[in-house]
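Reviewing the structure listed below.
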Amino acid sequence: MINKLSDDILLEIFDLYRIAVVESWDHSWTWHTLVHTCRRWRHIIFASPKRLDLRLLCTYGTPVRRILHCWPPTLPIIINYWDSVEFMHPAPEDEDNIIAALEQADRVSRVEVVLSRSQLVKLVAVMQGPFPSLTYLRLRSVDETAPVLPRGLLGGSASTLRDISLDGIPFPALPRLLLSAHDLVSLRLWRIPDSGYISPQAIITCLSTLVRLEWLAIGFRSPISASHRNRPPTPSTRVILPSLTQFNFQGVSEYLEDLSARIDVPQLEHAGITFLNQLIFDIPQLSLFAHRTNVLRFSTRANMYSGPDGVLFSLYYPGATDPYESFSLRVLSKELDW
């Protein structure tokens, strides 16, 4: 029966199957099982690589060098060594697979890797040139002392990137890279170590060019890394982030005061703030920042929670069924501090 269907109808069925089984995590799907069914299906699928969004998935246990010779040499490559449950970094035998995939720099579209210090050194060495198809870069360090990323990462250009996430990885030269990332939608810099400190002024300079940015997260590993002296005066004009809807911060209030005094986010829907072991703080600029958004204007409920790790204050929007959080301020501390 199925052999009587035309190529166009089969292509439509394949596309519907793709939509049903595609992984939301990395946009991969099991097209290779269809390719092995018969020669006709193989021809139909490989004739429409863009329509079916064909990509090679390189992940734990994938024999990358072998599959690179089995499939068409133009297919985009997804590198995914990211265990979101245990944050398991690749085994030693996978290191060569990652390098083999990264050597196809013009084809790599996504990189999501949890790395040890030694693995990060090897990965960075291969990523010094341009990656013209890279849209998603997500790196996490499992070690407390990750090496500083060099200025030449990605050849110094991020024109195709839409999502950058660095967790526990120092990259003080990131502002230079971001000046070319005009299509960036999400920027997440979390657990920034002392060696990766970036000043609020440098961040603001970058943000002024990121008009499509929807999600911004800046989090420091310790209060020391976020401290700074010679704070500049409050500017008379602010940078407008017209698309930003989500903002998260973790650090000390002085850093956040400098940052919030310099930005306007008219479309903000949620802000999550965490102060690290700071029992005394003065946040007039944060208050003004919140009043320039909708997070206070339309909030209808407030909650306060005190626990062994600190205090949490939350505001909520009215929802169709349940209210949802619009703003939160968490102050981390030991129980005896209170």
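The numbers here are math on the coordinates, done by the rules we state, and not lab data. Here the structure is a predicted model, which is why all the values come from computation and not from measurement. Every residue, glycine as well, gets a Cβ built from its backbone with ideal geometry; the counts of neighbours run over all protein chains shown.
For Cα pairs less than 8 Å apart in space and 6+ apart in sequence, what is the mean separation divided by the residue count of the chain, i.e. the relative contact order in percent?
Reported relative contact order: 8 percent.
Protection proxy ranking, highest mean first, for peptides 22-31, 72-81: 72-81, 22-31, where packing is the per-residue count of other beta-carbon atoms within 10 Å, averaged. Sorting 163-172, 4-13, 60-69 by their mean Cβ neighbour count within 10 Å, with the most densely packed peptide first, gives 163-172, 60-69, 4-13. For GLU93 and ARG51, the difference between the fully extended length at 0.36 nm per residue and the C-alpha to C-alpha distance is 11.7 nm. Available extension along the chain between HIS291 and GLN267 is 7.4 nm, counting 0.36 nm per residue and deducting the alpha carbon span. State whether the chain is rounded, prolate or oblate according to the following rule on the C-alpha gyration tensor (a ≥ b ≥ c being the square roots of its eigenvalues): a/c under 1.5 gives rounded; otherwise a/b larger than b/c gives prolate, and the remaining case gives oblate. Judged from the Cα gyration tensor, the chain comes out prolate (a/c at least 1.5, a/b above b/c). Model label sites at GLU103 and VAL21, defined 7 Å from Cα along the beta-carbon direction, differ in position by 3.1 nm. Per residue of the chain, the DSSP helices (runs of n ≥ 4 H) give a summed -39500 (n - 2.57) that works out to -7000 deg cm²/dmol at 222 nm. Taking the longest Cα principal axis of the chain as reference, the axis of helix 7-21 is set at about 40 degrees.
Between the beta carbons of ARG117 and SER6, assuming R0 = 56 Å, the FRET efficiency works out to 0.55 to the nearest 0.05. For LYS50, the lysines whose Cα falls under 27 Å of its own Cα, not counting residues fewer than eight places away in the same chain, are LYS4.
Which peptide among 238-251, 122-135 comes first, and what is the full order, when sorted by highest mean count of other Cβ atoms within 10 Å? If you can, show how the numbers build up before the last one.
Working: 238-251: 18.7, 122-135: 17.2.
My ranking of the peptides, most packed first, is 238-251, 122-135.
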